[in-house]
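Read the structure below first, then the notes.
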Amino acid sequence: MEFLARATGVVGGAVARLRRIGTPARQAIGANPQIPQARPQGIMTLKMPVAQGWTDGRLPICAPGLRVAAFAADLDHPRWIEVLPNGDVLVAESKERPAPPRTLMDRAAQATMRRVKAIGDSANRVTLLRDADGDGVAEIRTVFVQDQNQPFGMALIGDRFFLGNTDGIVAFRYEAGATSLAGQGQGLIGFKPHGHWTRSLIASPDGARLYAGVGSLTNIADQGMEAEEGRAAIWELDIATGKARIFASGLRNAVGMAWEPVRGTLWTVVNERDGLGDETPPDYLTQVRDGGFYGWPYSYWGKVVDDRVAQDPALVARAITPDYALGGHTASLGLCWMPAGTLPGFGDGMVIGQHGSWNRARLSGYKLIFVPFADGAPSGPPRDILTGFLSDDERIAYGRPVGVAIGPDRRSLLMADDVGDVIWRVSGA
């Protein structure tokens, strides 16, 4: 396996270097991005920096006026964060456990992912962190929930705690201040595992409904649409009745979700398809419309047809163009609404944790960014909050951003770093 990973790295590096010729000079970003014409890749560009972690006192680089420090360290692949009303911080520690490989490309990709610590044995737990003295560092750590199946998204509604495992949503009874939960939870709805395995959750503002992001199994329905049934969608679960339905579809891998408070709309970040070029198509941030279809796998950025896929013209005709492009293959995963005043110098907007690319000749993402909002919509170019997760030569990843949340003090940001095994806290300098 190690030999295959090294061989893949050599071949992938050579392919990436060749494909740097003619790569776009600008990222496809904003409400009206310049998206290059598709250039289908016979051999996928596979470029992954080696996961090293933070050593010798190295830290992420902050935007001016900010500082960063570890809220908690020595975790096991922390992916997602939920802050409870009492200030406790929950962290889902989990890792992809891939399905058996079907092709040589699958084997090569999995070998590479293992080498960079992206897949492997999963801790399968949620850890509770408590900063009782308010100094910005968690001094209490307990196992909140364990023995789950690749847990990810979390939500608390009243006295019920909901957890998104890769194979479905489970619910537990919760008492304020509890540092652990009993039992395995009550199963509410099942999802197909594997592929894009994360299951993010968010409750509606009134607590009546729960939304779950369920990504596709494959890149472009490579195993047929039957295998993708119920996937590439955001689901809605009615808490009172237990009834579930697909709320929006055609979303290849919708991960983070957040409510925009001015118009009361649900927003998400979506990881788009691979194999068409460095900036084609871009990942995106978009509001989620009830019953909306967003193109996957037939088209992207609205009605731009992907001719690698057997077409459905009726679905393409109703495909919604996303609101805001985030650049190609940034792997934008984390998302939270940040009110003005949370960090000095930042107004209202969305914070996005960009895990970082692999299907590019020049890497993208690997940073924490802010998209300003006005009147319920994006209102300008993105701003960096944290950078410095990659070495200058793009060979080493010190960390990779994932989930984000507003800190318990409402004057800081928390960000999960699944390579550094750290929860970072960003605040005013």
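Here, each number is a calculation from the coordinates, and none is a lab measurement. Since the structure is predicted, the reported quantities are computational estimates derived from the model, not experimental observations. Please note: Cβ atoms are built from the backbone with ideal geometry, for glycine as well, and neighbour counts cover all protein chains shown.
Tabulated results
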| read-out | value |
| --- | --- |
| Fewest-first sequence of F152, F346 by Cβ atoms within 10 Å of each Cβ | F346, F152 |
| Relative contact order computed over the chain (Cα-Cα under 8 Å; 6+ residues apart), in percent | 19 percent |
| Qualifying trypsin sites (Lys or Arg not before Pro) in region 29-108, DSSP loop, other Cβ atoms within 10 Å at most 12 | R102 |
| Dipole moment magnitude, nearest 20 debye, region 280-429 about Cα centre, only Lys, Arg, Asp, Glu C-beta charged | 80 debye |
| Cα shape, the chain, gyration tensor, a/c 1.5 rule | rounded |
| Cross-link partners of K243 among aspartates and glutamates (Cα-Cα below 19 Å; sequence separation of 8 or more within a chain) | D167, D206, E229, D290 |
| Sites excluded, GluC sites (Glu not before Pro) in DSSP loops with at most 14 other C-beta within 10 Å, longest stretch of the chain | 230-429 |
| Added length on full extension, which subtracts the Cα-Cα distance from 0.36 nm per residue, T241 to A73 | 56.5 nm |
| Region 293-429: C-alpha gyration tensor shape, a/c 1.5 cut-off, then a/b vs b/c | oblate |
| Ranked K243, K117, K367, criterion: other C-beta atoms within 10 Å, fewest first | K243, K117, K367 |
| Value of relative contact order over region 162-203, rounded to a whole percent, pairs C-alpha under 8 Å and six or more apart | 47 percent |
| GNM flexibility winner over the chain from A99, A314, A212 (Cα, springs under 10 Å) | A314 |
| Proximal lysines relative to K367, as straight alpha-carbon distance under 24 Å, when same-chain residues fewer than 8 apart are discounted | K47, K95, K117 |
| Ranked W259, W296, criterion: other C-beta atoms within 10 Å, fewest first | W259, W296 |
| Value of relative contact order over region 203-288, rounded to a whole percent, pairs C-alpha under 8 Å and six or more apart | 23 percent |
| Projected label distance in nm at D133 and R102, using a 7 Å step from Cα toward the beta-carbon | 5.5 nm |
| Global geometry of region 315-366, whether rounded, prolate or oblate, following the gyration tensor of its Cα atoms and the 1.5 cut on a/c | oblate |
